[in-house]
1. Looking at the chain, what % of its DSSP beta bridges pair antiparallel, to the nearest 5?
2. Between residue 206 and residue 114, what is 0.36 nm times their sequence separation minus the Cα-Cα distance? Round to one decimal in nm.
3. Which percentage, to the nearest 5, of the DSSP beta bridges contained in the stretch 63-210 is antiparallel?
4. Give a residue-ordered list of calculated ³J(HN,Hα) values for the stretch 25-34 (Karplus: 6.51 cos²θ - 1.76 cosθ + 1.60, θ = phi - 60°; whole Hz; x for Gly, Pro).
5. Quickly estimate the mean residue ellipticity at 222 nm for the chain, helices only: each DSSP H run with n ≥ 4 gives -39500 (n - 2.57), and the total goes over all residues, rounded to 500.
6. Using a 7 Å offset from the Cα along the Cα-to-Cβ direction at both residue 142 and residue 21, what is the distance between the two label points in nm, to one decimal?
7. Any idea how many Lys pairs in the chain come in under 28 angstrom at the alpha carbon, given 8 or more places apart or on separate chains?
8. Quick one: accessible surface of residue 64, probe radius 1.4 Å, all protein chains present, in square angstrom to the nearest 10.
Amino acid sequence: MAAELKRLRKESTLTAEQVAERLEVSQSSISRIESGRRGIKASDLRLLLEIYGVDSTEVEELLTLARQSRQKGWWQTYGDVLPEWLQVLIGLEVEAEGRRSYDVELIPGLLQTADYYRAYLATQPTSYSAAEIDRKIAFRMARQERMLHDETRKLSFVLNEASLRWAAAAASTGPQAQLKRLIELSQLPHLTLRILPFGAAMHAGMGGGFVILSFTPPDPDVVYIENEVSGLYLEEPADIDRYNLVYDHIAAKALNPGQSRSFIAKLGKEAP
């Protein structure tokens, strides 16, 4: 819904500022609507579509889409422990047909064991209650159950060797269990796991980790970049092309899936 409204505004050649003025709202409100961080009332949607010159047939289709977008997703029941910007990512994941990511120091959430995630939460400067930690872990496990066992969705991960080394060095995370989990998941038919070893030297992904979510055309792909307090969503074609190219370069330097499993198994034997 958000992506469609953004596309329609651009086709109308109107700026977000001009649309905000005609709707008598702030420019940031338009930005939040187009990024999916805020819903839109049916009356405002009708006015917006009138401004964009959308024909009546498409108006009804978009009104139906808007009603569907207001239905709660499974992840919203965990809204007490999920920031809004992360809920946007989960909503996009549900609709995506593919997911590719590069991770540097942290094992990605979709591949973590509960013990690993619990140990990670214990390192955070924010003090979580026992109940909050249990809720966060319950959400993470529920997300894995839905994402990892849907064979219609292609999942690809490249992990920097650093993430494995940190996992293996932290006895409290159950290193053997976490590394064993990676090996098990790497054998799923729709999941590809590659390890980028230190021996690969300098590479295109040294700027940091990212996620690329792909959708059935004409829906645009989305790049997601996370920091400590928020998530950034990129949808411009040039940005998407850039990150796809970076991912391809990283994957080309990484070990192939079989070599990656052997690498993880060897590291597991060395772990304390």
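The values are calculated or read from the model by the stated rules, or taken from the named source; none is laboratory data. Nothing here was measured: the structure is a model prediction, and the numbers come from that model. Note: ideal-geometry Cβ built from the backbone for every residue, glycine included; neighbour counts use all protein chains shown. In case anyone asks, the SASA skips ligands and DNA or RNA and just uses the protein heavy atoms, side chains included. Shrake-Rupley method; radii C 1.70, N 1.55, O 1.52, S 1.80 Å.
1. Numbers: 12 of 24 bridges.
Among the beta bridges of the chain, antiparallel pairing accounts for roughly 50 percent.
2. Numbers: separation 92, 0.36 × 92 = 33.12 nm, distance 2.80 nm.
Full extension of this stretch gives 30.3 nm more.
3. Working: 1 of 13 bridges.
Rounded to the nearest five, the antiparallel share is 10 percent.
4. The phi angles translate into 10, 6, 5, 5, 5, 5, 4, 5, 5, 6 Hz.
5. Working: 12 runs with 141 residues, N = 272.
So the helix-based figure for the chain works out to -16000 deg cm²/dmol.
6. Calculated label separation equals 4.5 nm.
7. Lysine pairs meeting both conditions in the chain amount to 17.
8. The value for residue 64 is about 50 Å².
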